[in-house]
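Peer 1: Submitted below is the structure of interest, expressed as structure tokens.
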Amino acid sequence: MKKVNGFQVIEMLEQLAPKKFAMEGDPIGLLVGTLNKKVSTVMTALDVLENVVDEAIEKNAELIIAHHPVIFRPLKRIGLDEPGGKLIEKLIKHDIAVYAAHTNLDVAKGGVNDMLAEALQLKDTSVLVPTYEEKMKKLAVFVPVEQADQVLEALGEAGAGFIGEYSHCSFSTMGTGRFLPGSEANPFIGEKGKMEEVSEIKIETIYPESIERKVVSAMIKAHPYEEPAYDLYPLSLKGEELGLGRIGELAEEMTLREFAVHVKEALDVHGVRVIGDFKAKVKKVAVLGGDGNKYYQHAKRKGADVYVTGDFYYHTGHDAMNIGLNIVDPGHHVEKVMKKGLANLLGQRAKELGYDVTFIPSEPDTDPFKFI
């Protein structure tokens, strides 16, 4: 297994949830400490409170990946006699870095909102509030005929050539490649100083811009030439749409009362607040983790029978009633689903890469609310 540093851990995270997915002004990224160090244990947390930091110290975690930024508003001072200052002091003294993946992890495919939708057992989900559209590009590379299959396979495995439900899509044309190896070259085909002609295939395939480095790297690794010839083109083709929240359907219709109980149990909360007639039938469900007040009209426009989100306001509740939208509010803390979810995703990726690093979900309850 390969020892890793903080930068390599965050590279894995940002392949899942790139910073560019985040909403404007969201304070994501490295907030405390340094990534320039060896990392063997990473803790995933919803919030960074003192009990979470104490847990990280006890379990020898060198890095905390949190959903909610530990520094959400700009600091005017760090007073060591104040709760926020004491927390930062403890992190620094124990050399624990804190990295926040907030709305970028909400938006990401497989991120917080997909985790919530999966927990609620929603089917055929799609984005509720579009915020980002993936740019598409095309790669064209020239490969000797005999090695074309290995390059095609590498491109497909790297994520290129996905069109709808089809993978490994490409187009090839035959041609003749010409080159003159220089005196310092180490040609796979031909001789130094001698003009060479080779039967080659031009392979063309598309890919989302976000995985360009991975696709190009895989192509170069599989290509037999010392210096492969390839072109990259921007496309006007519409890519995958990403955004906040998800909307999908239950396997079977429920009453609003039954669904509220389902939410309580599926998201492991002590109680939920409900707006609407308990006898109302619900099947199409919108869900948005965190505070989703300003997006309730998106849920209505997309035909949701019920909208699951946290921190719903009193007067916004009246507005939802007036348009006939049922609401189930399980609280902001249901985003805790990301602790185990993200630890599992990153742990699996680390295993694939042969990284010697362990991901553990934080255990303390950081929900400030209690039910009596």
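Peer 1: Restricting attention to region 322-333, does a residue exist that is more than 29 Å from Val282 (Cβ to Cβ), modelled with pLDDT of 95 or more and in contact with a Phe, Trp or Tyr (Cβ under 6 Å, 6 or more places away or on another chain)?
Peer 2: Filtering region 322-333 down to residues more than 29 Å from Val282 (Cβ to Cβ) leaves none.
The answer is no, given that none of the residues of region 322-333 is more than 29 Å from Val282 (Cβ to Cβ), modelled with pLDDT of 95 or more and in contact with a Phe, Trp or Tyr (Cβ under 6 Å, 6 or more places away or on another chain).
Peer 1: Give the residues of region 72-88 that are over 24 Å from Glu24 (Cβ atoms), assigned to a loop (DSSP other than H, G, I, E, B) and either charged (D, E, K, R) or open to solvent by less than 40 Å² (accessible area, probe 1.4 Å) (or both), sorted by residue number.
Peer 2: Scanning region 72-88 gives Arg77, Gly79, Asp81, Glu82.
Peer 1: Within region 257-314, which residues are assigned to a helix (DSSP H, G or I), touching a Phe, Trp or Tyr at 6+ places or on another chain (Cβ under 9 Å) and among the hydrophobic types (A, V, I, L, M, F, W, C)?
Peer 2: Those that are assigned to a helix (DSSP H, G or I), touching a Phe, Trp or Tyr at 6+ places or on another chain (Cβ under 9 Å) and among the hydrophobic types (A, V, I, L, M, F, W, C): Ala260, Ala299.
Peer 1: On the given criteria, is Val98 touching a residue at least 40 places away in the same chain (Cβ under 8 Å) and under 26 Å from the mean Cα position of the chain (by Cα)?
Peer 2: For Val98, the condition - touching a residue at least 40 places away in the same chain (Cβ under 8 Å) and under 26 Å from the mean Cα position of the chain (by Cα) - is met.
Peer 1: If a residue has to be basic (Lys, Arg) and either assigned to a loop (DSSP other than H, G, I, E, B) or open to solvent by less than 40 Å² (accessible area, probe 1.4 Å) (or both) to count, how many in region 145-202 make the cut?
Peer 2: 2
Peer 1: Right, Thr366: of a type outside the set (A, V, I, L, M, F, W, C), within 20 Å of Gly248 (Cα to Cα) and either in a loop (DSSP other than H, G, I, E, B) or in contact with an Asp or Glu (Cβ under 7 Å, 6 or more places away or on another chain) (or both) or not?
Peer 2: Numbers: of a type outside the set (A, V, I, L, M, F, W, C): yes; within 20 Å of Gly248 (Cα to Cα): no; either in a loop (DSSP other than H, G, I, E, B) or in contact with an Asp or Glu (Cβ under 7 Å, 6 or more places away or on another chain) (or both): yes.
Against the criterion (of a type outside the set (A, V, I, L, M, F, W, C), within 20 Å of Gly248 (Cα to Cα) and either in a loop (DSSP other than H, G, I, E, B) or in contact with an Asp or Glu (Cβ under 7 Å, 6 or more places away or on another chain) (or both)), Thr366 does not qualify.
Peer 1: If a residue must be open to solvent by 70 Å² or more (accessible area, probe 1.4 Å) and more than 14 Å from Gln121 (Cβ to Cβ), how many such residues does region 250-263 contain?
Peer 2: Final tally of qualifying residues: 1.
Peer 1: Looking at this structure, is Ile372 more than 23 Å from Gly245 (Cα to Cα) and open to solvent by less than 70 Å² (accessible area, probe 1.4 Å)?
Peer 2: no
The values are calculated or read from the model by the stated rules, or taken from the named source; none is laboratory data. None of these values were measured; they are calculated from a predicted model. Neighbour counts are summed over all protein chains in view; Cβ atoms, including those assigned to glycine, are modelled from backbone coordinates with ideal geometry. Accessible surface is based on the protein model in full, side chains and every heavy atom, while ligands, DNA and RNA are left aside. Shrake-Rupley method; radii C 1.70, N 1.55, O 1.52, S 1.80 Å.
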